[in-house]
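Some notes on the structure that comes next.
The values are calculated or read from the model by the stated rules, or taken from the named source; none is laboratory data. Since we're looking at a predicted model, the values are computed, not measured. No Cβ is skipped: glycine too gets one built from the backbone with ideal geometry, and neighbour counts run over all protein chains shown.
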Amino acid sequence: MLLANAVAVLHAVIVLFMLTGALLGLRWPRLLRLHVGLAILALYLTGSDCPLTTWELALRESAGEPGYRGGFIGHYVTSPLGFPIEQTSTQVGILVAAILPNAVGYGVLAARRARTPAVP
């Protein structure tokens with residue numbers, strides 16, 4: 001059970017990093033490579049079961065604990081707040097929460113790069 005909870009915490013950290021990676025990259029630019037890599041992986045897995053969710057549920061099952069149906073975000077974030085993951089408005093909210101801070105972060109980074117003269 002402890003390992004399943006650790007996987008859930010790791011999953012939460014990764015989700016938070018996906019939401020804020022570009023903003024963190026404003027301070028620590030080397031994080032952008034990791035963020036872009038994770039974003040590409042997330043896009044690749046869109047529509048598929050997340051391996052971290054599958055791992056967490058398998059660990060819960062092996063510990064004799066009940067699992068949950070659906071995905072990580074729906075189970076731990078949207079449903080407890082009263083927003084069923086299946087609703088279109090919830091899906092739009094998730095997309096806005098994922099895209100907006102990253103668009104701002106990458107936009108600021110692009111503006112910084114455009115202002116910085118190239119070194120020959």
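Before moving on, here are some points about what is shown:
- Residue that is nearest to Ala39 (Cα to Cα), among those in the range 78-102 that are among the aliphatic types (A, V, I, L, M) and touching a residue at least 60 places away in the same chain (Cβ under 8 Å): Ala98
- Leu3 being touching a residue at least 12 places away in the same chain (Cβ under 8 Å), more than 15 Å from the chain's Cα centre (by Cα) and at negative phi: yes
- Count of the range 56-98 residues, restricted to those that are part of a loop (DSSP other than H, G, I, E, B), farther than 20 Å from Ala4 by Cβ and of a type in the set (A, V, I, L, M, F, W, C), is 3.
- For the range 71-86, a tally of residues being under 18 Å from Cys50 (Cβ atoms) and either surrounded by fewer than 14 Cβ atoms within 10 Å (Cβ to Cβ) or in contact with a strand residue (DSSP E or B) (Cβ under 8 Å, 6 or more places away or on another chain) (or both) returns 1.
- Unique residue being under 24 Å from Ala8 (Cβ atoms), at pLDDT 95 or above and either of a type in the set (A, V, I, L, M) or surrounded by 14 or more Cβ atoms within 10 Å (Cβ to Cβ) (or both) when the list is Leu41, Leu52, Leu59: Leu59
- Residue within the range 21-33 that is of a type in the set (A, V, I, L, M, F, W, C), touching a Phe, Trp or Tyr at 6+ places or on another chain (Cβ under 6 Å) and either assigned to a helix (DSSP H, G or I) or touching a residue at least 24 places away in the same chain (Cβ under 8 Å) (or both) present: yes
- Tally of residues being buried (at least 17 other Cβ atoms within 10 Å of the Cβ), touching a Leu at 6+ places or on another chain (Cβ under 7 Å) and of a type in the set (A, V, I, L, M) across the range 1-13: 2
- Here Val13, Val36 are screened, and the one residue that is modelled with pLDDT of 95 or more, closer than 19 Å to Ile94 by Cα and under 12 Å from the mean Cα position of the chain (by Cα) is Val13.
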